[in-house]
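A quick write-up on the structure given underneath.
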Amino acid sequence: MPIRHARIFPRHAFYCVLGGLVVVYALCAVLLVFAGVYLFPFLSDGEDVSEDGLLFLAVVAAPLALYLIFWRGSDFLAWWRTPRVLTLGAHGLQVGRRIIAFADVTRLRHRHSRNHMLIATRRGRPMRLRLDLWDHAFALRTEIEEAIGRVLRSDVERRMHAGDTVGFGVLGMNAEGLVHKGQLIAWSSIDTVRTQSATDGILVDEQLVIVANGQTRRIDRSKIENEPVLLACLMQRLPAG
């Protein structure tokens, strides 16, 4: 039975855009002083705005406004043109008129810092699925990862049994072990593999931590492709998986 997810208002992204517009307004207020226009009353008290102060404000304010509006607030900008319902079926998902068949998917990547899923297929352009625009976002992510993972895993296992090294973005995997930065990490040398999350209240840092031969490698999970398949294969090959 198809599962439907409704579009929701991205409140956090909206506040980020609002904050960015406030920064833009403040910057414009200072720049307009030179034209004799005073958006803030305290700027008309006769105090000159120094060129160094203006340069510092521009250097700080302009990138901050761009970051808030077009990076942190991008979900709000996309919300306007996002269909009201996403339908997830046994064989694919549909967003508006666009249908993605799981059998056509070649790559899946989760951008943890923005909570976006990038889905590439054999045909057509990749889909950027903004999870925070949908209700029950965590369940939606899990459902998609499991469905795509089941489709891709058989091909990965077949290629590994044939002696190929399968790429997962920054990591590779073959019958002998993992490959990272051109170095082979043999299965027998791996002590533990775990995921680790950290947040500073704004940004989310998700890492895959691999401990092998006394060395710890921390890998940004946002740079790993087809991570559900990678983790499933690891669980099969590692005793502690």
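The values are calculated or read from the model by the stated rules, or taken from the named source; none is laboratory data. Given the structure is predicted, the values throughout are model-derived calculations rather than measurements. Here the Cβ positions follow ideal geometry from the backbone for every residue, glycine too, while neighbour counts run over all protein chains shown. When the accessible area is computed, the model is the full protein with side chains, heavy atoms only, and any ligands, DNA or RNA have been set aside. Shrake-Rupley method; radii C 1.70, N 1.55, O 1.52, S 1.80 Å.
General observations
- Counting the residues of the stretch 1-27 that are open to solvent by 30 Å² or more (accessible area, probe 1.4 Å), not aromatic (Phe, Trp, Tyr) and not in a helix (DSSP H, G or I) gives 7.
- Pair list, Cβ under 8 Å, 6 or more apart: the stretch 170-186 residue in contact (Cβ under 8 Å) with a residue 60 or more places away in the chain, other residue of a type in the set (S, T, N, Q) and surrounded by fewer than 18 Cβ atoms within 10 Å (Cβ to Cβ): Met173/Thr165
- Subset tally (residues that are free of Cβ contacts under 8 Å to residues at least 24 places away in the same chain and on the phi > 0 side of the Ramachandran plot) for the stretch 126-167: 1
- Residues satisfying the stated conditions in the stretch 208-241, i.e. open to solvent by 20 Å² or more (accessible area, probe 1.4 Å), under 13 Å from His180 (Cβ atoms) and either modelled with pLDDT of 90 or more or in a strand (DSSP E or B) (or both): Val211, Gln215, Thr216, Arg217, Arg218, Asp220, Lys223
- Subset of the stretch 160-191 [open to solvent by 60 Å² or more (accessible area, probe 1.4 Å) and either among the aromatic types (Phe, Trp, Tyr) or closer than 15 Å to Arg237 by Cβ (or both)]: His161, Thr165, Ala175, Glu176, Leu184, Ser188, Asp191
- Residue in the stretch 111-121 that is open to solvent by 20 Å² or more (accessible area, probe 1.4 Å), under 28 Å from Val229 (Cβ atoms) and of a type in the set (A, V, I, L, M, F, W, C) present: yes
- Some residue of the stretch 72-79 being open to solvent by 60 Å² or more (accessible area, probe 1.4 Å), closer than 30 Å to Leu140 by Cα, at pLDDT below 95 and out of contact with any Asp or Glu (no Cβ under 8 Å at 6 or more places or on another chain): no
- Selection over the stretch 107-125 of residues that are in a strand (DSSP E or B) and at positive phi gives a count of 0.
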